[in-house]
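Okay, so here's the structure we're looking at.
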Number of protein chains: 2
Amino acid sequence: MAKFSAIKQHLYRKIASGEWPEHHPVSSENALSQQFSVSRMTARRALQELADEGLVIRSKGSGTYVAPIKSQTSFMAIRNIADEVRERGHKYHAVVHTMRQEQATANVAEFLQLPANTPVYHSVITHYENHDPVQVEERWVNPKIVPKYTSQDFTKVTPHEYLSSVAPLTEASHQIEAIAPVEHVMHWLKLEKPEPCLRIQRRTWSESGVVTYALLTHPGSRFVLGGHLTFKKN
Amino acid sequence: MAKFSAIKQHLYRKIASGEWPEHHPVSSENALSQQFSVSRMTARRALQELADEGLVIRSKGSGTYVAPIKSQTSFMAIRNIADEVRERGHKYHAVVHTMRQEQATANVAEFLQLPANTPVYHSVITHYENHDPVQVEERWVNPKIVPKYTSQDFTKVTPHEYLSSVAPLTEASHQIEAIAPVEHVMHWLKLEKPEPCLRIQRRTWSESGVVTYALLTHPGSRFVLGGHLTFKKN
DNA sequence: TCACACAACTTGTATATACAATTAAGCTTC
DNA sequence: GAAGCTTAATTGTATATACAAGTTGTGTGA
C-alpha cells in the first residue's frame with residue numbers, strides 16, 4: 001500500500017471510530033510526516049484527499065479539523081430535517097408518537113441484517129415546520145450498536161443527530177419514490193384526503209454494521225427535494 | 001490566480017466548449033509544464049484535480065482523456081433513462097408525441113431565462129421499459145443554443161444524449177416532488193386511475209446559458225430513484 | 001491593563017528531482 | 001505475417017526544499 005494511503009487509513013479510523021469527534025484537531029502535516037517518517041508532501045497528500053472527500057476541513061494558519069457531519073454530505077445527501085427547517089427561517093418542533101422495543105419483522109430484520117424476531121428499537125416521530133407536519137419518520141435501530149437509543153429525548157435532538165454522534169456513519173443508501181400514504185401516516189401528517197407523498201427509504205452503516213433503517217414520508221404539497229450540481233469548480 | 005488554477009481553466013474551456021469531445025486526449029503533464037512554463041508537479045496538480053472532479057480520466061502509461069458524460073455525474077445526478085433501462089437488461093424504446101416550436105409561456109421563459117413570448121422548442125416523449133411507460137419527458141429548449149433540436153429523431157437518440165453532445169453541460173439543478181398527474185400525463189403513462197407520481201424538474205446550463213428545462217414524470221408504481229453514498233474512499 | 005509587535009506554527013503554492021509501473025508503438029527475428 | 005523484444009512516453013509515488021500567507025499565543029512596552 002502507498003504511504004499516503006496508509007496515513008489516510010490511520011486518520012480515517014480515528015474519525016470513523018468516534019475517537020476524534022466533530023471539530024477535533026487532526027495531526028498537522030509536520031506531525032504526520034515525523035510520525036510516519038515521510039516527507040511533508042506525502043503527509044499533506046493524505047490530509048488533502050481527506051479534505052476533498054469532506055471528512056476534514058483545513059484552514060490556513062490554523063490547522064486541520066474533523067468536519068461536522070453536515071458538510072460531509074454532498075448533493076441531496078443526508079440532511080437533518082431540523083436544520084433544513086431552521087435554514088428556511090421557520091420554527092421546528094417534533095412530536096414523538098412511538099418509542100419502544102419490538103420484535104423485528106422479517107422485512108426490518110433483513111434491512112438491518114439481523115436474524116428475524118430479534119429485538120429492535122422502533123420510533124415514530126413527526127417533524128413540524130411552524131405548525132404543519134412536513135415529515136413522518138419511522139425508524140428502526142440496531143440495539144447492539146446503539147443500546148441507549150430509547151432513552152433519548154427526540155424533541156430536543158433529532159434521531160439523525162443523535163445517531164451520527166454515537167456511531168459515525170460510513171455509508172448510506174437511499175431510495176426515493178412516490179406513494180399514496182397509508183392511513184396512520186395520513187393521520188400523523190394531518191392530511192384530510194390521500195395525497196401523493198414523497199417517501200425516502202434510507203439505510204445507514206457505521207463501522208460496526210447497519211445502524212438504522214428509516215422511512216421518511218413527506219406530503220407532496222409541502223415538500224420539494226432540491227439539489228444543484230456544478231461541473232466547473234475552479 | 002494560482003498557476004495550477006490557470007491551467008485548469010484552460011483545459012476546462014477546451015472541454016466545456018466541445019473543442020475536445022469525449023475521449024479526446026488531453027495534453028500530458030510534460031506538455032503542459034512546457035506550455036505554461038511550470039514544473040511537472042504543478043501541471044500534474046491541474047490534471048489531477050480535473051480527474052477528481054470527473055472531467056477527465058487518467059490512465060497510467062497511456063495518458064489523460066476527456067471523460068465520457070456519464071462518468072461526470074456523481075450521486076443521483078443526471079442519468080440517461082435509456083441507459084438505466086438497458087442496464088437493468090430490459091428493452092428500451094421511445095414514442096415522440098410532440099415536437100414543435102412554440103411561444104414560451106411566462107413560466108417557461110423564466111426558467112430558460114428568456115423574454116416572454118419568444119419562440120422555444122417543445123418536445124414531449126414517453127420512454128418505455130419493455131412495454132410499460134416509465135417516464136414522460138416534457139422538455140423546453142433554448143433555440144439560440146440548440147437550433148437543430150426539432151430535426152432530431154428522438155426514437156434513436158434521447159434528448160439528453162443529443163443535448164449533451166451539442167452543448168456540454170456545466171451546471172444542473174433538480175427538484176424532486178410527489179404529485180398527482182394531470183390528465184394528459186396519465187394518458188401518456190397509460191394509467192387507468194390517478195396514482196402518485198415522482199416528478200423531477202431539471203434545468204441544465206452550458207457555457208452559453210440555460211439550455212433546457214425538463215419535467216420528468218414517473219409513475220410511482222414503476223419507478224424508484226436510488227443512490228448510494230460511501231464516506232470511505234481509500 | 002491594554003495594545004501592539006513578534007515568534008512559532010500551520011496550510012498553500014511551486015520547483016526540481018528520482019524512480020517505479022504501465023502502456024503503446026516500432027523494430028527485429030523467426 | 002506473427003511473435004516477442006526494445007524503447008519512448010505517460011502517469012504514480014515520494015522526497016527535499018523554498019517561500020508565501022494566515023492564525024494564534026506570548027511577551028514586551030506604554
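Selection within segment A:1-36: residues that are of a type in the set (Gly, Ala, Ser) and not in a loop (DSSP other than H, G, I, E, B). The member of this set that is farthest from DNA strand D (Cβ to nearest atom) is A:Ala16.
Would you check if there is a residue in segment B:61-80 being assigned to a loop (DSSP other than H, G, I, E, B) and modelled with pLDDT of 90 or more?
Of the residues in segment B:61-80, the ones assigned to a loop (DSSP other than H, G, I, E, B) are B:61-62, B:67-68, B:73-80.
Okay, now just the ones that are also modelled with pLDDT of 90 or more, so B:61-62.
Yes, segment B:61-80 contains a residue that is assigned to a loop (DSSP other than H, G, I, E, B) and modelled with pLDDT of 90 or more.
A:Val185 - would you say it is away from chain B (no Cβ under 12 Å) and either modelled with pLDDT under 80 or buried (at least 20 other Cβ atoms within 10 Å of the Cβ) (or both)? It is true that A:Val185 is away from chain B (no Cβ under 12 Å) and either modelled with pLDDT under 80 or buried (at least 20 other Cβ atoms within 10 Å of the Cβ) (or both). Filtered by the rule that a residue be closer than 16 Å to B:Ala214 by Cα and either open to solvent by 60 Å² or more (accessible area, probe 1.4 Å) or out of contact with any strand residue (DSSP E or B) (no Cβ under 7 Å at 6 or more places or on another chain) (or both), segment B:159-181 gives B:His160, B:Glu161, B:Tyr162, B:Ser164, B:Gln175.
Given the condition more than 12 Å from DNA strand D (Cβ to nearest atom), closer than 28 Å to A:Pro159 by Cβ and not assigned by TED's automatic domain parsing to the domain that holds A:Lys156, answer yes or no: does some residue in segment A:37-50 qualify? Yes, there is a match, as at least one residue in segment A:37-50 is more than 12 Å from DNA strand D (Cβ to nearest atom), closer than 28 Å to A:Pro159 by Cβ and not assigned by TED's automatic domain parsing to the domain that holds A:Lys156. If the condition is being hydrophobic (A, V, I, L, M, F, W, C) and exposed (fewer than 15 other Cβ atoms within 10 Å of the Cβ), then segment B:7-57 contributes B:Ala31, B:Met41.
Among the residues of segment A:119-144, those that are open to solvent by 30 Å² or more (accessible area, probe 1.4 Å) and part of a loop (DSSP other than H, G, I, E, B) comprise A:Asn130, A:His131, A:Lys144.
The values are calculated or read from the model by the stated rules, or taken from the named source; none is laboratory data. As the structure is a computational prediction, the values presented were derived from the model and not from experiment. Methodologically, a virtual Cβ is constructed for each residue, glycine included, from the backbone with ideal geometry; neighbour enumeration extends over all protein chains shown. For the accessible areas, the whole protein counts, side chains as well, though only heavy atoms, and no ligand, DNA or RNA atoms are used. Shrake-Rupley method; radii C 1.70, N 1.55, O 1.52, S 1.80 Å.
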